[in-house]
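Quick notes on the structure that follows.
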Amino acid sequence: MPASPNQPEAGRTRWLAGALLGLLVVLLLRRYAGINHDSVLYLGQALVRRWPEIYGNDLVFVHGGGQSQYTLFPRLAAAALELTDPATLFMWGALAAHILFAAAGWFCLKALLPPGQRYWSWLGVLSLPTMYGMVRMFGYSEQFFTPRPVAEGLCLLGIGLLARQRWFLAAACVALAGLFHPLQAIAVVLVAWPWAILQDRRWLHMAWLGIPLLGLALGGVAPFAGLLKPADADWLYILRDNTPQLFLTRWTTIDFTFLLVDVLVLSYARHALGGPFGTWCAA
């Protein structure tokens, strides 16, 4: 039968309605929490760059300034503060990061799942609880503005590009994510590498890159030197008290339960769905 002239318009209407539903889910379930948690630290780092004459002598920034040496975020936020105030920047920045995450999630699922499964999976990503691993510490799509949700969206774009065999663009997205939040980029590499090995075992040779990294660490080259830096008793006490996720002995039963559920869901999805999505589940 010939296509109806109204079919393209109906398709666009369905697409728009589906996108608006996803946006409403984000707005209702990921309500902005204000300049909260780590965003307080990043705001301070942006302020000291924007107004060093006021904040430059603060003891926190005189002695290192926290995580600012590992991310471009404070520099970009400081530049944005020339155009707007912190409250506006962090509120709209948080919304933009959420929209980036939602769009990147759809971009991935469109490449990995058949048409009948994509949309419901996408709504699940947007609406289900975001906790994983050690539930007191980790969750994606956090409700305040930091470099982490920006990096999460970029990493998802990288995965979507890899699924489409766009290797160079994928590497560029992950590298850009690393400029915002190196730990997020490392995490996606640790998933993408096994996926690449499942495509071609020659990717195992990437393990040789560990040798020059070890050499940089032994040579005391920052930031790799920190990989081999021992913790004294006082530092170890602080680590155990403030970052319990680093020590499995500090995990509770519910932490291991959440991790086990993640493994079971991935295993079932790999078995039930197979195809490109199943391969990523295996990775």
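The values are calculated or read from the model by the stated rules, or taken from the named source; none is laboratory data. What you are looking at is a predicted structure, and each value in this text was computed from that prediction instead of being measured. For neighbour counting, all protein chains shown are included, and Cβ atoms are generated from backbone atoms with ideal geometry for every residue, glycine included. Quick note on the areas: whole protein, heavy atoms, side chains included, nothing else; ligands and nucleic acids left out. Shrake-Rupley method; radii C 1.70, N 1.55, O 1.52, S 1.80 Å.
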task: Inspect region 74-86 for any residue being farther than 30 Å from L169 by Cβ and open to solvent by 60 Å² or more (accessible area, probe 1.4 Å) and give the result as yes or no.
output: yes
message: Tally up the residues in region 29-43 that are of a type in the set (K, R) and either open to solvent by 80 Å² or more (accessible area, probe 1.4 Å) or not in a loop (DSSP other than H, G, I, E, B) (or both), please.
response: 1
task: Scan region 247-283 for residues that are surrounded by 12 or more Cβ atoms within 10 Å (Cβ to Cβ) and touching a helix residue (DSSP H, G or I) at 6+ places or on another chain (Cβ under 7 Å) and jot them down.
output: R250, L266, A269, R270, P276, F277, G278, T279, W280, C281, A282, A283
- request: Output the number of residues of region 140-170 satisfying the condition of being open to solvent by less than 50 Å² (accessible area, probe 1.4 Å) and either part of a helix (DSSP H, G or I) or at positive phi (or both).
  value: 19
- request: Answer with yes or no whether L89 is under 17 Å from the mean Cα position of the chain (by Cα) and under 25 Å from L41 (Cβ atoms).
  value: no
message: So, in region 120-129, exactly how many residues are open to solvent by less than 30 Å² (accessible area, probe 1.4 Å) and either touching a helix residue (DSSP H, G or I) at 6+ places or on another chain (Cβ under 7 Å) or in contact (Cβ under 8 Å) with a residue 12 or more places away in the chain (or both)?
response: 3
query: Any idea how many residues of region 97-150 are among the β-branched types (V, I, T) and farther than 20 Å from L16 by Cα?
result: 4
message: With the requirement that a residue be under 18 Å from Q245 (Cβ atoms) and either of a type in the set (A, V, I, L, M) or out of contact with any helix residue (DSSP H, G or I) (no Cβ under 9 Å at 6 or more places or on another chain) (or both), what does region 152-186 give you?
response: L183, I186
